[in-house]
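One structure is given below, encoded as structure tokens.
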Amino acid sequence: MNFEIQKRALSRVIRDDLDALIVLWPAQTAATPSEKDPLSTLVSQAVQAGDLELKAGAVLAMYGQAGIKARHVAVVCSQDNTPDQIRSAMLAAWSALKASKAKKLGVYLAGEWSASGLDAAASALAQASYSYTTTLSKPHHRTLKQVLFSAAEVSSELCMALAQAQALIAGVELAKEWANRPANHATPTMLAQAAKALAKGPSFKCEVLGPQDVAKLGMGAFLAVAQGAAEPLRFIVMRYNGAASSQSPVVLVGKGITFDTGGISMKPAAEMDEMKYDMSGAASVLGVFKALGELKPAINVVGLIPATENMPDGLAIKPGDVVTSMSGQTIEILNTDAEGRLVLCDALTYAERFKPQCVIDVATLTGACVIALGGVRSGLFSSDDELALQLQQAGDRSGDLCWRMPMDDPYAEGLKTRFADVANVAGRAAGAVTAAKFLQRFAHKYPWAHLDIAGTAWKSGAAKGATGRPVALLMHYLLAKAKAKAKVPARAGRPA
Ligand code: BES
Ligand code: MN
Ligand code: ZN
């Protein structure tokens, strides 16, 4: 999908060679008498006839109107052009247009685009027109190929915002693709191949470790989860170097459970298919690397993905087994379904070698987080106030929201056991928090944050599918970091 922006009056846009056109109309504003183009005339007629109420979200769909080149037109009212308003206006307009199978879509905004409004419009259209095709014999490919935004004024800032939006969309869609793929089409080996393919080019490196390497490193917790699976594990190490090598990297860790049966503590059958999304954290790290490759910001980023299936088997771990993690801490595995924290804890220890400025792990970690926050906000856990604030703000700016959760030490009480340094589960209460408290024991050597995306990484029900979250949040965070560094003159990074 390609996005462009041009300076154009509405009277000109209606003569553009487009298949479909969306016009964002300011709510409460009827056309002024000076606007004599056929579209404005139609809108004022519709308002007078009571067929279009000028309130946010109202849509007027038209077809084959004289003087308008685009056959399909949707006029949609927007109250104040905030990103949220624009997002819902675009979704409403697109549902009126999607049957048109338009290839080339124009979007006109009466008034001024803001950078965040443009970002919201582009990502809403991408989201609405996305279609998964990989494992269909007769796939319906996305027809929408080109979106042409028009406005009365166009600045270079807006052009950059659109280029950034386009790169983020590419990242989000890559994350969706991998998360949506069934587990037999997204094995640890396949994820590693995808990472290798992404890491082409001079600023990238990718190293893939197998079972023997992981054993040599002493990753006893990660190995324990993988020992019940016939599919071999992979530990993926990706590097993006956009800044001086003296600059310490941001490390992203993505949970890569390519299928979570629960292991011996097996999950119920209903909706178990959804556990193919249990590598959404890993998919979001791949998505971030895709976007980094397009934007080349002045920052260093490391991506770590511990990838394995969680399977029941004669060799699988059993409740009560005690294993030794890479950190040296022993762990009593009371529930084999709490496997995410086991693969993550060794990756968090491995992250120490990069002397990171911070480490952010991303994981579909707990059903408890789904209960706490649903699909609206990801759970954010951090003992570092500055990092937490930056992630929260990146979430707000991108519309990919998160919410900070508590991390008080008493929450860790339930993880105590007589048989190891720590147990991998506590009671049912505050399950998302106790999982974070478990991880925190392995993340003491750097500022650390954990995003629990169990509720936000995919949607259940009829519109079942991956959302590509939190790629946008992470990219907004990284781009803000790169920008902030570039402002310090003595250590200026190279321009993006
Ligand atoms: N992958 C699941 C978490 C999950 C559950 C994600 C539902 C999305 C939807 C994770 O590995 C898991 O099974 N967690 C357990 C932890 C429990 C055993 C302490 C859970 O949440 O039930
Ligand atoms: Mn599990
Ligand atoms: Zn899991």
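Listing for the model above:
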item	result
Filtered residue count, the stretch 243-264, keeping only those that are buried (at least 20 other Cβ atoms within 10 Å of the Cβ) and not in a strand (DSSP E or B)	5
Test: residue in the stretch 312-324 that is touching a Pro at 6+ places or on another chain (Cβ under 6 Å) and away from ligand 3 (no atom under 14 Å from the Cβ)	no
Qualifying position, being in a helix (DSSP H, G or I) and not hydrophobic (A, V, I, L, M, F, W, C), among Lys205, Lys200, Lys267, Lys276	Lys276
Qualifying residue in the stretch 43-53 (condition: of a type in the set (Ser, Thr, Tyr), open to solvent by 40 Å² or more (accessible area, probe 1.4 Å) and under 16 Å from Pro26 (Cβ atoms))	no
Considering residues of the stretch 252-291 that are under 16 Å from the mean Cα position of the chain (by Cα) and of a type in the set (Val, Ile, Thr) only, the residue farthest from ligand 2 (Cβ to nearest atom)	Val288
Residue in the stretch 178-193 that is at pLDDT below 95, open to solvent by 20 Å² or more (accessible area, probe 1.4 Å) and closer than 24 Å to Val285 by Cβ present	no
Number of the exception - Gly379 against (1) within 16 Å of ligand 3 (Cβ to nearest atom); (2) on the phi > 0 side of the Ramachandran plot	(2)
Matching residues in the stretch 265-284 - criterion: being touching a residue at least 12 places away in the same chain (Cβ under 8 Å) and open to solvent by less than 40 Å² (accessible area, probe 1.4 Å)	Ser265, Glu274, Met275, Tyr277, Asp278, Met279, Ser280, Gly281, Ala282, Ala283, Ser284
Residues being open to solvent by 10 Å² or more (accessible area, probe 1.4 Å), away from ligand 1 (no atom under 11 Å from the Cβ) and not in a strand (DSSP E or B) - total across the stretch 438-476	14
Subset tally (residues that are part of a helix (DSSP H, G or I), among the hydrophobic types (A, V, I, L, M, F, W, C), over 27 Å from Gln166 (Cβ atoms) and out of contact with any Asp or Glu (no Cβ under 6 Å at 6 or more places or on another chain)) for the stretch 365-400	8
Criterion: free of Cβ contacts under 8 Å to residues at least 24 places away in the same chain and surrounded by fewer than 16 Cβ atoms within 10 Å (Cβ to Cβ) - qualifying residue of Lys216, Lys205	Lys216
Any hit, the stretch 415-437, residues being of a type in the set (S, T, N, Q), modelled with pLDDT of 95 or more and not in a loop (DSSP other than H, G, I, E, B)	yes
Condition check for Thr349: crowded, with 21+ Cβ neighbours inside 10 Å, touching a residue at least 40 places away in the same chain (Cβ under 8 Å), within 16 Å of ligand 1 (Cβ to nearest atom) and β-branched (Val, Ile, Thr)	no
Residue match in the stretch 256-272 (condition: in contact with a Pro (Cβ under 9 Å, 6 or more places away or on another chain), among the charged types (D, E, K, R) and within 10 Å of ligand 1 (Cβ to nearest atom))	no
Residue in the stretch 379-395 that is more than 16 Å from ligand 2 (Cβ to nearest atom), among the polar types (S, T, N, Q), buried (at least 18 other Cβ atoms within 10 Å of the Cβ) and more than 13 Å from His450 (Cβ to Cβ) present	yes
Some residue of the stretch 292-311 being within 13 Å of ligand 2 (Cβ to nearest atom), open to solvent by 10 Å² or more (accessible area, probe 1.4 Å) and more than 20 Å from Gly468 (Cα to Cα)	yes
Residues that are under 18 Å from Thr467 (Cα atoms) and open to solvent by less than 40 Å² (accessible area, probe 1.4 Å), drawn from the stretch 362-372	Val362, Ala363, Thr364, Leu365, Thr366, Cys369
Check on Met238, within 16 Å of ligand 2 (Cβ to nearest atom) and either part of a loop (DSSP other than H, G, I, E, B) or touching a helix residue (DSSP H, G or I) at 6+ places or on another chain (Cβ under 9 Å) (or both)	no
Any chance Leu174 is open to solvent by 10 Å² or more (accessible area, probe 1.4 Å), under 22 Å from the mean Cα position of the chain (by Cα) and aliphatic (A, V, I, L, M)	yes
Failed item in (1) modelled with pLDDT of 95 or more; (2) open to solvent by 40 Å² or more (accessible area, probe 1.4 Å), with Ala9 passing the rest	(1)
Hits in the stretch 349-364 - residues which are in a helix (DSSP H, G or I) and over 17 Å from Leu233 (Cα atoms)	Thr349, Ala351, Glu352, Arg353, Phe354
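Quick grid of which residues meet (1) under 25 Å from Pro26 (Cβ atoms); (2) free of Cβ contacts under 8 Å to residues at least 40 places away in the same chain; (3) surrounded by fewer than 20 Cβ atoms within 10 Å (Cβ to Cβ); (4) within 22 Å of the chain's Cα centre (by Cα):
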residue	(1), (2), (3), (4)
Val75	yes, no, no, no
Thr82	yes, yes, yes, yes
Lys98	yes, yes, yes, no
Leu105	yes, no, no, no
Gly111	yes, no, yes, no
Gly117	yes, yes, no, yes
Ser123	yes, no, no, yes
His140	no, yes, yes, no
Leu148	yes, no, no, no
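To keep it simple, each residue is scored yes or no on (1) more than 13 Å from ligand 3 (Cβ to nearest atom); (2) closer than 21 Å to Leu479 by Cα; (3) not hydrophobic (A, V, I, L, M, F, W, C).
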position: Met326; (1), (2), (3): yes, no, no
position: Phe354; (1), (2), (3): yes, yes, no
position: Val359; (1), (2), (3): yes, yes, no
position: Gly375; (1), (2), (3): yes, no, yes
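The values are calculated or read from the model by the stated rules, or taken from the named source; none is laboratory data. Only a predicted model underlies this, so the values are computations on that prediction, with no experimental measurement involved. No Cβ is skipped: glycine too gets one built from the backbone with ideal geometry, and neighbour counts run over all protein chains shown. Surface areas here come from the heavy atoms of the whole protein model, side chains and all, with no ligands, DNA or RNA. Shrake-Rupley method; radii C 1.70, N 1.55, O 1.52, S 1.80 Å.
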